[in-house]
Amino acid sequence: MPAPLDSINRIASRPFDDQKPGTAGLRKRVAVFQQPHYLENFLQAVFDCVPELDGSSLVVGGDGRYFNRQAINTLLRMAAANGVRHVILGRSGILSTPAASHLIRLRNTAGGFVLTASHNPGGPEGDFGIKFNVAGGGQASEQLTNAIHARSKTLSEYRILPPAPLNIDRIGSFDLEVTTIEIVDPVEDYAALMETLFDFDAIRALAGRGFRLRYDALHGVTGPYAQALLVERLGFPAESVVHAEPLSDFGGRHPDPNPHDAHELMALMNGRDAPDFGAASDGDGDRNMIVGPGMMVSPGDSLAVLAAQATRIPGYRDGLAGVARSMPTSRAIDKVAGSLGIPCFETPTGWRFFFNLLEAAKITLCGEESFGTSSNHCREKDGLWAVLFWLNLLAVTGKSVPDILDEHWRRYGRHYFERHDYKLEQRAGDEIMRGLQDSLPRLADEKPGGRQVMRADNFRYHDPVDGSESANQGVRIEFNSGERIVYRLSGTGTSGATLRVYLERFAPDGGNGENAHDALEDLAKVSRQVARLKEIARVDEPTAVT
């Protein structure tokens, strides 16, 4: 039942033409969200397109970045004005993305709002974002995000309760008109879930044997989660978790768990006295980077190793129903799936494409190259889950990270993989993708870099659950040599364009020990030539390599 009509303010607004959600919600510069009516307009579009929220429950939380508290205040008042009867909010507005997904499922709510721009920088000059997760805990479908975008362009008003100071820092409940706001510990339910999946006794024994761990939270949301799990419950020394306090500007850091942005961790792990295991997560806790002494585990290799070793872990001892990866992600998981005799699904980039597969129980593990991995325990990628999986695996095998990878490569072969990012003007990015599309019919005859093209297309996905089609999901070029190049424009930035170029080469014998950069150097040159990067964008080196 909506709040009494006399307590609702109906505020005249105007449509905005830039509120189309990307692969994980709406992300813009903070200054854009601070425009009068901008946040409210988008939220009202969601409430209008998800009528199930009226009279139901809703989960709300975020990564603590700048503007998080103000946005939550607005969101709570709009939720009450739009008939939401019960809001479950992480204390102080803090809730990691996987924890929010789990709460939606645990409490059987009609959905949830996650206020985050994930791995994007924070602070007054940084980025802000908001996404809606549906009942079941997954990201909104393309059909729903398209409907929200269409509605945002026609709104003339939004509904909201009058301004009011709201205390969100104390666990408990209070009423906002007829809506109950329940403040919960953001860690408790998530930590309880992790204890059902992993052998905490084995990991405690590993910590007790002097196993050295370094986890870098990058001043994102996972700091409190890592302290509660790794230090308080599993017994690792307090200094094992660094940069643990969530900060509104992430301490001036870029909260992205990759070798470039987590450079302190990489320097430590490549040093003479490196810990046994290193890891990092991003701003909202859904990504992970796994590092062993002297080596980073590529996301594709990590997913493949976890699938190959899953039955050693309590939560997965019954085996895997299937696995899935995003199309640009290395095909290492495909080899494992073939060996296990289980299906391996190839989806577009965007975690929402795994949702239907998980809901239909077609897959148990899934992952993507942008440092995201997870399982059917929730409907989002989960950084700390991956860290605990690796720790459990190290505990039960007694082997090191390099040893586990070496054994894996000898059995399944090695997929050398890198992603090269090029920051471009939007015009240049669009021109490059058009040129690639136009070149597809003639690539086989041109033999780029002397390589015979086996397949060149623009990936199209047919969802095996609901039958939906998703076209133009990335240009891919596969060679008879076993090499592959994939091109796509990123959907997670807030300005300009980022061309992502994915390079892969398969070595059936496990390779000769060379590093991925050297193994892919020639293929990288070919990728730039095919895309005409220097001609169109006047660049010949990537902005970042991961």
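The values are calculated or read from the model by the stated rules, or taken from the named source; none is laboratory data. Since this is a predicted model, take the numbers as computed values, not measurements. Here Cβ is always computed from backbone atoms with ideal geometry, including for glycine, and neighbour counts include all displayed protein chains. Side chains included, ligands, DNA and RNA excluded: accessible areas come from the protein's heavy atoms. Shrake-Rupley method; radii C 1.70, N 1.55, O 1.52, S 1.80 Å.
Packing-wise, with mean Cβ within 10 Å as the measure, how do 483-490, 93-100, 321-328, 50-57 rank, highest first?
Final packing ranking: 93-100, 321-328, 483-490, 50-57.
Would you please name the GluC sites (Glu not before Pro) within segment 380-434 that are DSSP coil residues with at most 13 other C-beta atoms within 10 Å of their C-beta?
The qualifying sites are GLU425.
Of all the accessible heavy-atom surface of segment 399-523, with the other protein chains kept in place and a 1.4 Å probe, what percent is carbon and sulfur?
That fraction is 43 percent.
Could you derive backbone 3J(HN,Hα) for segment 356-368 from the dihedral phi with the Karplus parameters 6.51, -1.76 and 1.60 (θ = phi - 60°), listing whole Hz in sequence and x where the residue is Gly or Pro?
Each residue of segment 356-368 in turn: 4, 5, 5, 5, 8, 6, 7, 9, 10, 10, 7, x, 9 Hz.
Can you list the HN-Hα couplings for segment 449-457, worked out from phi with the Karplus curve (6.51, -1.76, 1.60; θ = phi - 60°), rounded to whole Hz and with x for Gly and Pro?
Once rounded to whole Hz, the list reads x, x, 9, 7, 7, 8, 7, 9, 7.
So which chymotrypsin sites (Phe, Trp or Tyr not before Pro) in segment 172-240 are both in a DSSP loop and have at most 14 other Cβ atoms within 10 Å of their Cβ?
Answer by residue number: there is no such site.
Need one number: nm distance between label points at ARG272 and LYS399, each 7 Å from Cα along Cα→Cβ, rounded to one decimal.
Taking the two extended label points, one gets 3.0 nm.
Any idea what angle helix 188-197 forms with the longest principal axis of the chain, computed on alpha-carbon atoms, 0 to 90 degrees, nearest 10?
Rounded to the nearest ten degrees, it is 30.
Under the rule a/c < 1.5 gives rounded, and otherwise a/b versus b/c splits prolate from oblate, where does segment 73-162 land using the Cα gyration tensor?
rounded
Student exercise: in the chain, how many lysine pairs 8 or more apart or on different chains have Cα atoms under 16 Å apart?
Close lysine pairs under the 16 Å cut-off: 8.
As I understand it, the value is the acute angle between the Cα axis of helix 383-397 and the longest principal axis of the Cα atoms of the chain; what does it come to in degrees, rounded to 10?
Long axis of 383-397 versus the principal axis of the chain: about 50 degrees.
Under the Kirkwood approximation for Rh and a Cα-based Rg, what ratio Rg/Rh is obtained for segment 267-344?
Checking Rg against Rh, the ratio lands at 1.03.
Rounded to a whole number of µm²/s, how large is the Stokes-Einstein D of segment 6-69 at 20 °C and 1.002 mPa s, given Rh as the Kirkwood radius over C-alpha pairs?
Rounded to a whole number, D works out at 156 µm²/s.
For the chain, find the longest principal axis of its Cα atoms and tell me its angle to the long axis of helix 68-81, 0 to 90°, nearest 10.
50 degrees
State the Kirkwood hydrodynamic radius of segment 306-400 in Å, one decimal place, computed from all pairs of distinct Cα atoms.
Answer for segment 306-400: a Kirkwood hydrodynamic radius of 13.4 Å.
Once R0 is set to 56 Å, what does the formula 1/(1 + (r/R0)^6) return for the Cβ-Cβ distance between THR154 and THR196, expressed as a FRET efficiency to the nearest 0.05?
0.80
Please sort by residue number the GluC sites (Glu not before Pro) in segment 82-157 whose DSSP state is loop and whose Cβ has at most 12 other Cβ atoms within 10 Å.
GLU125
If each DSSP helix of 4+ residues adds -39,500 (n - 2.57) and the sum is divided by the residues in the chain, what number results at 222 nm, nearest 500 deg cm²/dmol?
Helix contribution divided over all residues of the chain: -9000 deg cm²/dmol.
Need one number: % antiparallel among DSSP beta bridges in the chain, to the nearest 5.
70 percent
In whole Å and largest first, what semi-axes does the C-alpha gyration tensor of segment 395-483 yield when each eigenvalue is scaled by 5 and square-rooted?
Taking √(5λ) for each Cα gyration eigenvalue gives 33, 20, 17 Å.
Please report the projected area of segment 431-546's Cα convex hull averaged over all directions, in nm².
9.2 nm²
Rank by packing, highest mean first: peptides 462-472, 72-82, with packing defined as the count of other Cβ atoms within 10 Å averaged across residues.
Final packing ranking: 72-82, 462-472.
Starting from the Cα of ASN108, step 7 Å toward the Cβ, then list every residue of segment 370-399 with an amide N under 18 Å from that point.
none
Would segment 144-185 count as rounded, prolate or oblate if I go by the C-alpha gyration tensor, calling it rounded below 1.5 in a/c and otherwise prolate when a/b exceeds b/c, oblate otherwise?
prolate
Take the alpha carbon gyration tensor of the chain, find the square roots of its eigenvalues, order them as a ≥ b ≥ c, and report rounded if a/c is under 1.5; if not, report prolate when a/b exceeds b/c, else oblate.
In terms of gyration-tensor shape, oblate.
On a full-extension model of 0.36 nm per residue, what is the gain between ASP466 and ASP189, subtracting their alpha-carbon distance, rounded to one decimal in nm?
96.6 nm
Pop a pseudo-label 7 angstrom from the Cα along the beta-carbon direction at both ARG410 and LEU166 and give the gap in nm to one decimal.
5.8 nm
Once the convex hull of the alpha carbons of segment 84-216 is built, what does its volume come to per residue, in cubic angstrom?
Enclosed volume per residue, from the Cα hull, is 181 Å³.
Could you tell me the calculated FRET efficiency between SER173 and MET295, based on Cβ-Cβ distance and R0 = 51 angstrom, to the nearest 0.05?
0.60
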